[in-house]
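As structure tokens, the structure follows; a few thoughts come after it.
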Amino acid sequence: MATFISVPLKKTSEVDLVKPLSKYIHNTYPSGEDQTEYCRAVDELNKLRKSAVGRPLDKHETSLETVMRYYDQLCSVEPKFPFTESQLCLTFTWKDAFDKGSIFGGSVKLALPSLGYEKTCVLFNIGALASQIASEQNLDNDEALKAASKFYQLASGAFSHIKDTVLSSLNRDPTVDISPDTVGTLSLIMLAQAQEVFFLKATRDKMKDAVIAKLANQAADYYGDAFKQCQYKDTLSKEVFPILAAKHCIMQAHAEYHQSVLAKQQKKFGEEIGRLQHASDLVKTVSSRYDEYVNVKDLADKINRALTAAKKDNDFIYHDRVPDLKDLDPVGKASLVKSTPVNVPLSQKYTDLFEKMVPLAVQQCLSVYNQRKSELINSTIAQMRDATIFANGVLASLNLPAAVEDVSGDSIPQSILNKSKTVIEQGGIQTIGQLIRDLPELLQRNKEILEESLKFLDEEEATDNDLKAKFKDRWQRTPSTELYKPLRSEGSNFRNVLDKAIGADAVVKERYQSHREAIVILCKPEAELNAAIPSANPAKTMQGSEVVTVLKSLLNKLDDMKKEREQLENDIKSVNFDMTTKFLTALAQDGAVNEEAISVTELDQIYGSYTYKVQENLKKQEDLLNNIQSAHQEFSKMKQSNSEANLREEVLKNLAVGHDNYIELVANLKEGTKFYNDLTDILLKFQCKCSDIVFARKTERDELLKDIQQSIAREPSAPSIPQVPSYQSAPSSISTNIATSSIPTPAPRTVFSAKQPPPRPPPPAMPSASPVPASAAQASNPAPTAAADSSQPPSNTIPSQAQGPPYPSYPGYPGYYGMPMPVGYNPYMYGQQTIPPYMYQPPSGQPPYPAQQPSFSYPQQPFFPPQ
């Protein structure tokens, strides 16, 4: 029986989950117990990843439980963190499970900033590990059979789930091992093996032959489908194909065998023989083609014994006609297996580490709700403040309440004294001047942060464009231009905000210059302030007048309305309501959140009463201002008409307007300072986001460059090697050319013919008993016939002039190895012992130097004299 097929695990590179996730938590959630708990959960998640995919795993159910727990946590984390390239960018690198690398040591791998890619690869490992655990089961007992079938079906479900979801989880083509074709084939193989396990259990339990035949035929059908899917695709290992084909034939043989037993029971002896013959042919096919992968001797013996007995009985007893194979009824099929669906949580020991953290969809709804809430609050408060400003403007134009208080014409009105005191308490002209001087610095700081952030994107985008232009179709990743569109849009919004802030600052400075003189007067001490106000002598009859009394009463009511609005503003700001529960409930019930409908309803219930009170207050103020203007007209008629009174009233109006503008300008400048400081924090986060994504893109770029370099190195330089020229393959007719062509051309040497050095003195006498090596004799005293013999190599002849290497070696001398001799070399100036050995030619008949001296060592002569 053929062995069961198991799938190898994918391998991954280490990824630091702690730093980016903790950074997001610190930036998103307020400090406190929840933030600490979330950071602790991130540490646990990082440890879980190392345990699940960062180390070798045993083929045991506990290891599978660890991987499934990590997959469950990924599914839980995915909706709670913004895992996108433009927000929380984490790059996961995984190697192809079936790739064995190349001669350069590389391997096919893919790095993607996608949590969906991580989930897909982890789920692949769940299926692979389940297949390995199933293949390790001892199938001699029922418990092991049940476990093997369960794990094979789990593996089939995991691979099937990847097939349906992998393309939607990635933004580029996956590696071959997780491609839909590959995982679809693996799912079918696992299903076939689970069916085979049920066949083995039915056989061991001695169930009815009709049932066993159907189980075997269904397993054969699964194996056949798997073989058809992968035989034309280079996705799986080559050893898989023959195993699938062999198992297809074996399961068919089992089905035919057990169906033949059923035919015998039904006394269909011809059908029995026909099915046994078909089973025998199938087994013979396996033995002849796939003998190195499977062993079917036992099955073949069983079928042959049954076939021999059936033929014997039929020949001597029954004489039933044996039908052709095409006339036999097809064997039925019965499937007892199905792919286990992937339903989270997969692990029975799963506990959500981020249970208290709300999903990202709810976070987004909360963000939109808070924005709606802020807009409602700000618009309501703005209405009340505008009403106050309008009322103050009307009173200032009428010189109220100073006009009704200044009936003496000499003293400072109490309202002006109160305004002066308020200005002095808030720092006077120095405070407002300092605030104005600080704005440009804060603005410049924000502009620099924004420009630096966008510079990160520009530099990385330029690099990406250059690499895309260089590698073209090889550069397969999301272009930076498209990826950075949300960040570019966000940067443009920040730039527009800064432009509007610059315009608002200019308006504030202009108003300050317009009212600076009045503000300076209000900052003076009381005596100087009184001197700055012109005196007048209004009619004494105005004191205690009914018109003045009515006007003062109306002004008091207006002050009460202002205080009422201040209280309403504080009440509106203090309202706090948590919408998390409502959004979570809606998400659990409907699977989605209709944020707009829920938010509008809740905001109306919470702030409806406050909105009504504000509108009532504004309506009352409108009526009250009309009454004040009417009473002031009567008051003006009673006043004496003289230039001094008019001048004094004009100064008092300016002081009142100066006070109101001072209060408004200080509030605006403080809001502007706070705005710039808050914007600095936001821009710093934006800068960190840009820096993080650029760093992640750089890591991804380095991985992709490495893969491209390895793929380029593996590619052949040309489609094929050019045809070898004929002169390189055809033998030459001249034997000497053949001999000399294998020897490199020697370097030319300088030969001095004018003067020859004296001959070297003869060597010491050598005992006759000493053996003379044949090679030495040939080198020192070659035979005369050697030069004429064409079979003798040219290197053994003594050259007539100095030649390049190779040179003959003499006993006691290692020879000369190609040191070039200077052109001006004179052998006579150094003595006789300095003659190079290759220049020495012994006279004919002189014995060669011995290879070894018997009684003394001949002194080694130097190749060249010392310079």
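The values are calculated or read from the model by the stated rules, or taken from the named source; none is laboratory data. From a predicted model like this one, the values you see are computed outputs, not experimental measurements. Here Cβ is always computed from backbone atoms with ideal geometry, including for glycine, and neighbour counts include all displayed protein chains. Please note that ligands, DNA and RNA were not included when accessible areas were found on the heavy atoms of the full protein model with its side chains. Shrake-Rupley method; radii C 1.70, N 1.55, O 1.52, S 1.80 Å.
Under a 5 Å amide H cut-off, with hydrogens placed 1.01 Å from N, residue 92 pairs with 112, 114 among residues at least 5 apart or on other chains. Sorted from longest to shortest, the spans of the Cα atoms of the range 134-278 along the three principal axes equal 63, 34, 24 Å. Taking each residue as 0.36 nm, the span from residue 385 to residue 267 lengthens on full extension beyond its C-alpha to C-alpha distance by 32.0 nm. Under 15 Å from a point 7 Å along the Cα-to-Cβ line of residue 19: which residues of the range 686-707 have their amide N that close? Counting only backbone N, you get 688-700. For the range 8-111, the C-alpha radius of gyration divided by 2.2 N^0.38 Å, with N the number of residues, is 1.25.
The value of relative contact order for the range 11-317, using C-alpha pairs under 8 Å at least six residues apart, is 11 percent.
Sequence-ordered 3J(HN,Hα) estimates for the range 244-254 from the Karplus curve with 6.51, -1.76 and 1.60 and θ = phi - 60° stand at 5, 5, 5, 5, 4, 5, 5, 5, 5, 4, 4 Hz, glycine and proline given as x. Taking every alpha-carbon pair in the range 1-49 and binning the separations at 10 Å intervals from zero gives 22, 35, 16, 12, 9, 5, 1 percent.
Using only alpha carbons, the range 11-317 has a radius of gyration to Kirkwood radius ratio (Rg to Rh) of 1.12.
Show me the GluC sites (Glu not before Pro) within the range 254-331 that DSSP assigns to loop and that have at most 14 other Cβ atoms within 10 Å of their Cβ. Loop-located and lightly packed - 292. Size descriptors for the range 106-150 (Cα atoms only): Rg and Dmax, in that order, 15.5, 46 Å. The H on the amide N of residue 109, modeled in the peptide plane, is under 5 Å from the matching H of 96, each at least 5 residues off or on a different chain. Per the Debye calculation on the range 255-352 with a single equal scatterer at every Cα and no solvent contribution, log₁₀ I(q)/I(0) for q = 0.17, 0.18, 0.23 Å⁻¹ amounts to -0.80, -0.87, -1.17. When both the range 43-96 and the range 432-509 are represented by their alpha-carbon centers, they are found 35 Å apart.
Skip the ligands, DNA and RNA, and give the accessible area per residue of the range 11-317 with a 1.4 Å probe, whole Å².
Heavy-atom accessible area per residue stands at 43 Å².
Here the accessible area is traced with a 1.4 Å probe on the protein chains. For the range 11-317, carbon and sulfur cover 48 percent of it.
Note that the range 655-660 has calculated 3J(HN,Hα) couplings of 5, 5, 5, x, 4, 4 Hz, one per residue in order, obtained from phi through the Karplus relation 6.51 cos²θ - 1.76 cosθ + 1.60 (θ = phi - 60°); glycine and proline are x.
Sequence-ordered 3J(HN,Hα) estimates for the range 277-291 from the Karplus curve with 6.51, -1.76 and 1.60 and θ = phi - 60° stand at 5, 5, 4, 5, 5, 4, 5, 5, 4, 5, 5, 7, 9, 10, 5 Hz, glycine and proline given as x. Extension gain, residue 702 to residue 305, is 136.4 nm, computed as 0.36 nm per intervening residue step minus the present C-alpha separation.
When the label point is put 7 Å from the Cα of residue 205 along its Cα-to-beta-carbon vector, which residues of the range 113-146 have a backbone N closer than 14 Å? Under 14 Å, as judged by backbone N against the label point of residue 205, lie 141-146 of the range 113-146. Taking all protein chains into account, the per residue accessible area for the range 450-601 stands at 60 Å² (1.4 Å probe).
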